[in-house]
Every structure is written in structure tokens, then in C-alpha cells.
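One structure is given here, and the rest of the page talks about it.
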Amino acid sequence: MNLFGDALAWITDGAHWGGPGGIDHRVVQHLLVTFAAVALAAVLALPLGILIGHTGRGRLVVVALAGAVRAVPTLGLLTLLGLALGIGIQAPLIALVALAFPSLLAGAYAGIEAADRGAVDAARAVGMSEWQLVTRVEIPLGADVILGGIRAATLQVVATATLAAYISDTGLGRYLFSGLKSRQYDQMLAGALLVAALALVLDLTMAALQRASRPTTRKVPS
Amino acid sequence: MGIEFRDVGKTYPDGTVAVTGFSCTVPSHRTLALVGTSGSGKTTLMRMVNRMVEPTTGSVLIDGRDVRELDKVALRRSIGYVPQAGGLLPHRRVVDNVATVPVLTGTPRRAARDAALALLERVGIDPALGRRYPAQLSGGQQQRVAVARALAAEPNILLMDEPFGAVDPIVRRGLQDQLLQLQAELGKTIVLVTHDIDEAFRLGDEVVILRTGGIVAQTGTPKEIVAAPADEFVRDFIGADRAERALRTVDVDGRSVVVDGDGRPVGVLE
Ligand SMILES: Nc1ncnc2c1ncn2[C@@H]1O[C@H](COP(=O)(O)OP(=O)(O)OP(=O)(O)O)[C@@H](O)[C@H]1O
Ligand SMILES: [Mg+2]
């Protein structure tokens, strides 16, 4: 427990806050990398997943592809990308986008497919256009599952964003890598604790969002 | 003019023949009841009118125009539709469900809601229930809401797929009476699907009895069908041999009392 105490002391040490290498700065960086990766992946995966869920077409191909992407080890991909693109944030960002993609895609098409078919059919029959069906019926009814995908992806990315420090001086991972190298284990554990705390806070926030999005089908009217 | 089915057929992509060579005309302001056993193609036929199903042969005409020439979305908005099982949007309040089509066609939300509340009242739903979500209503109430939604765009044509399927016989009877009353006021052209022959006879001006494969067993007014069932299938389907269909009169103190096949009194002949 001594090391644990040391790590906490390290975190609460005012000298490690503020400035370009400070904890606050790195937390913000870590969050920015996480959001950027999830947002970029979402821009690609959500429309594709919604399209697949809505049309029921292309599912097998895309699901197989996403499975293949999922099987690629992130560290391996990061190393390859790092060799190709050099030091910097591009390589980790691309690797994290690849990591987030399958969960987002699966959440999107599963959410759309899960929308009550009877309601969708009736909405089409009373004259909603396909676009209106997607935006006014399928997405609201599938929001819970779609957000579940975003939540899973965010959790994976925030934990794995630690690897960004592997080839760029970005995020909380830096404490782990440099702590390991210089045998400053209090700093290393502090880095790990910070990542874990960040992941927990993000996940709880997403869970609350997900709950709030649940269709209010059974809520007693106020 | 009304609706004309001109030699329509439907074979689904998996090879299921749902309808073959069906022809029928529904005059304006009249009700056509499609009855038949499960899987006889009733829903398929009805959904051809609003192009939810495209016939593989033949064509459907509304007031003389082939529906294929019309824009699908506009066509559907102009036709009231009551699906087989309510089909309300679970994430929208009852009043907003009813206002769906008017809002889609550009009626301001406020005005559409007011009209929706009036319609709810009209189909016998307390407007106070408008704030609820569909899951908070009973099956019978949901079906009324679905009818109100179908009426909201003031369509000339109403398509109703077993609209009272999910309710007990007493409630069903009440809903049928209500529909008859509404129809007397509104005079829509209605295609009604049911598997209940008594419902078809009560609500339909013209009744089509279908057998599997969408083949017509008999077409006619309820009276014509009761008077002369075309064949054994129709006799069986309408229960021609059931006690309550085999009425006769007996003389009681100079009055003609109508009794059923079991001899139970039904009423007095005027
Ligand atoms: N989308 C579809 N693809 C393939 N076959 C279908 C499809 N829809 C309906 N069918 C088939 O077509 C036939 C007629 O179906 P339809 O739904 O029109 O019957 P129905 O008379 O409305 O039956 P029910 O009283 O059970 O509602 C059935 O054999 C059914 O299985
Ligand atoms: Mg049916």
C-alpha cells in the first residue's frame, strides 16, 4: 500500500500541476485525443451503421470488415502507423479511430434494427419519407443502443489513449512510459490511476446520458 | 370512381403467391370489407392501395389514376391508415401521434395538436389522455387513437387492417358502432380487412371473401352472400349452418316471432 500512498502523494503534489507537463494539462490532452478519436470514428461509423440498419443491406460485408479491424492489435497498428507517419499525434489518432469504429458501427445498426418494426412500418404507411423515418422514428427508438455503442467505444479509447504517449508526448500515458523508463513507480501508478479515474467519470457521464435518452414510453405523465 | 383493383396479383420475392388475378371496385363513400382466413392475402391487397405493397401484375386505380403514377409519400399522406396492431409511435405522446401527418404536411404544431385533441374526443378518448404515451393506454384505446390518427389528415380514403382485432367482443362491438356513426357523418371510401365475418357484414357495404392465395370465393353485399353462399367454403366461412343464421318464424298469439336454429327467440317480425 506504500506505493499506492506514494502515487496519491504524487498526484496531490502541487508541483505536478500547472505548466505544459502538468496533470491538468495532460488530462485535457487525454480527453481531447479521446473525443477527437471517438468523434472522427463516429462521423464514419454512425451514418454507415444507420444506413445498414435502415436498409438491412450490406450488413454481412461491413460486419465482417469491422470484425477484421477489431482483430488488429492496437499497439501493432500504432507501431506500423508510427513508422509510416513518424512521431506525432496522427498515428495514435488513426489507431484509436480504428479501435472505436467497430463498437460504434455495431451500436448504430443494432439500435436501428431494434426499433419496433410495427411502429416503423406504420410510420412509413402514414407517409413519412425514408429520411423522416430514420431521424424521427428509428434513431429516437434506437438511441439507447446507439449511445451504448458510443459509450463502449469511449471507454476503450480513453483507456487505450494511454498509448498515444508511446510515439508522441500526449496525454496521461506519458507518466506511465517515462515512469517505467526512469523507475519512478509512484509516477507510473499515478498515471494509471488518473487514466482509470478519467475512464470511470466518462463512463458514468455516458451512462447518465444513455438513461436520459431512453424513450419515455412508460414514464408517468407529469 | 373510388378505388379499382384491376386484375392485381402479388407474388413475394420468396415465391409466396399472396394474391392472384383480383379485380374489384369500391365506389366512393362506400366500405369494402375483405375477409378470409389467415394468410389469404387481405393485408397484401389493402396495402396495394397506398403502395406499401407493389402488385407484381395488374394495377390499382384511385379515381381513375394508376397509383404508380403518384408520389408514394404524398399518396400515403392522403390516405388514412390503421395498421393491424395499432402501430403508434411509442416515443411520442398520444396527441402527437394523432397529429403526425398534419405536422408532416406543414400544419403548425399548435394547431395540429388542437385538432388532434378534438379528434380524440370524437373517437371516444378523453382528451386528457392525450398527454400519455401509447403504452399507458389499453389495447382498445390504442386502436381508437390509431383511428384518430388515420382521420387527422382528413383523407378521402381509409385503410383499416383488423382495426378492432385486439379487443374483447363487447368493446369491439362498441368500436364498430362508433365507426358506423363516423362513417355516416364523414362518408369515407373504406377498405376494411377483418377475419371476422360478422364484422364484415356489419361494416361492409360490399364484402369479398378470400381463400388462400388471394382467390375470391365470393363477392357481394352481405345480404347477397347470406342469401346465396357461392359454395361449401363460403357456407362454412359465414357459418351458414350456425343456429343464429338459420332463422325462422313461429306464430305466437298472432305475432310472428323469429327464432334461431335452436328455437330460441331473436325478436318479433314487424
Ligand atoms: N413480405 C412478405 N414476404 C413474403 N411473403 C409474405 C410477405 N407478406 C405476406 N406474405 C405471405 O403472403 C400471404 C398473404 O399474407 P397477408 O399478410 O396478405 O395475409 P392476411 O390475409 O392479411 O393474413 P392475416 O389475417 O393473418 O393478417 C401469406 O402466405 C404470407 O405469409
Ligand atoms: Mg393481415
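Quick look at the values:
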| item | result |
| --- | --- |
| Which of A:His30, A:Gln187, A:Gly19, positive extreme of dipole for chain A (C-beta unit charges) | A:His30 |
| Approximate spin-label separation B:Arg235-A:Leu75, in nm, with each point projected 7 Å along Cα-to-Cβ | 8.4 nm |
| Length released on extending from A:Trp17 to A:Gln90, taking residue separation times 0.36 nm less the Cα-Cα span | 23.6 nm |
| Stretchable slack from B:Asp71 to B:Thr11, in nm (0.36 nm times residue separation minus alpha-carbon distance) | 19.3 nm |
| Virtual spin-label span in nm between B:Leu182 and A:Leu204, 7 Å along Cα→Cβ | 5.1 nm |
| Descending Cα extents along the principal axes, the protein assembly as shown, whole Å | 116, 47, 44 |
| Two-decimal Rg/Rh across region B:11-72, once Rg and the Kirkwood Rh are taken from alpha-carbon atoms | 0.95 |
| Two-decimal ratio, chain A, of alpha-carbon radius of gyration to 2.2 N^0.38 Å | 1.21 |
| Quarter of the Cα convex hull surface for region B:112-270, i.e. its orientation-mean projected area (nm²) | 12.3 nm² |
| Cα-derived Rg over Rh, computed across region A:92-222 with Rh taken as Kirkwood radius | 1.18 |
| Cβ charges +1 (Lys, Arg) and -1 (Asp, Glu), total dipole of chain B, debye | 1240 debye |
| Relative contact order, percent, chain A [alpha-carbon distance under 8 Å, six or more residues apart] | 26 percent |
| Candidates per trypsin sites (Lys or Arg not before Pro) in region A:1-62, loop by DSSP, up to 11 other Cβ within 10 Å | A:Arg57 |
| Dipole axis of the protein assembly as shown (+1 Lys, Arg; -1 Asp, Glu on Cβ), positive-most option in A:Ala114, B:Ala99, A:Leu46 | A:Leu46 |
| Relative contact order computed over region A:97-146 (Cα-Cα under 8 Å; 6+ residues apart), in percent | 55 percent |
| Theoretical FRET efficiency, 1/(1+(r/R0)^6), r = Cβ-Cβ of B:Ser59 and A:Glu130, R0 30 Å, to 0.05 | 0.80 |
| Distance between region A:48-64 and region B:156-228 - C-alpha centres, whole angstrom | 41 Å |
| Average Cα contact separation per residue, chain B, under 8 Å, 6 or more apart, as relative contact order % | 22 percent |
| Region B:3-242: proportion of alpha-carbon pairs further apart than 25 angstrom, % | 42 percent |
| Calculated from backbone phi, Karplus (6.51, -1.76, 1.60) coupling profile of region B:104-109 in Hz, x at Gly/Pro | 4, 8, x, 5, x, 3 |
| Low-density loop positions, trypsin sites (Lys or Arg not before Pro), region B:241-270 - DSSP coil, at most 16 other Cβ in 10 Å | B:Arg242 |
| Spacing of the two label points (7 Å from each Cα toward its C-beta) at B:Ala227 and B:Asp262, in nm | 2.9 nm |
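Every number here is computed from the coordinates shown, using simple stated rules; none is lab data. Predicted model only: the values in this text are computed from it and were never measured. Cβ sites come from the backbone with ideal geometry, for glycine too, and all protein chains shown count toward neighbours.
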